[in-house]
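The values are calculated or read from the model by the stated rules, or taken from the named source; none is laboratory data. In this text, all values refer to a predicted model and were calculated from it rather than measured experimentally. Note: accessible area is taken over every heavy atom of the protein model, side chains too, but ligands, DNA and RNA are not part of it. Shrake-Rupley method; radii C 1.70, N 1.55, O 1.52, S 1.80 Å.
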Amino acid sequence: MAKTAEKSAIREFRAEARFQRTSPQKAKLVLDMIKGQSVENALNTLMFARKRIAPVVEKALRSAVQNANYLSQEQGFDLDIDRLFVKQAVANEGPRMKRIRPAPMGRAFRYQRRLAHIIVTVAEKKSVEATKQTEAPVAVAEGGKKKAAPAKKAAAKKAPAKKAASKKAAATA
């Protein structure tokens, strides 16, 4: 029982890039582009991203893939690196550096330089066989025939808009 539960558990591998000199808001713009993509597509996306933080995110993603490869060899389980996808990509707030900008008449204004902690998590997609087992359950009808579970109701179609203005124009002409 324990072995089957262990096989069905989805393994996740992560990497962190901490204390990066960018605001979390700017890093999230890049991370949102790669969430849910396969690792190969995510690397291609990051290669052509024009944001300054993109190479840092790419390095963290490559590190997460290498962590997955290393742990699969170390612990002896089978991992297909081609089926890895970006499960989670988060930019958390790091400590802020307080700085002072000179202002007119001997005054000074304070501002903050924000730092971000970037966390990238990758996981292996389920195989085709596993997804077939989790499809909609099949119920047996009274006659002994298999009957599929009821599907969701289709959305009602919207009626076409009336063209009242054109009818009036035709009546007056």
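How much accessible surface area, in Å² rounded to 10, belongs to the heavy atoms of residue 40 with a 1.4 Å probe?
130 Å²
In region 66-130, carbon and sulfur make up what percent of the accessible area (probe 1.4 Å)? The partial results should precede the final answer.
On the way: 2140 of 4450 Å².
Exposed carbon and sulfur together represent 48 percent of the surface.
Students often get this wrong, so check it: of 87/125; 28/87; 87/126; 35/87; 28/126, which have C-alpha atoms separated by over 18 Å? Before the final figure, lay out the partial values.
On the way: 87/125 9 Å; 28/87 15 Å; 87/126 12 Å; 35/87 6 Å; 28/126 27 Å.
Going by Cα-Cα distance, 28/126 fall outside the 18 Å limit.
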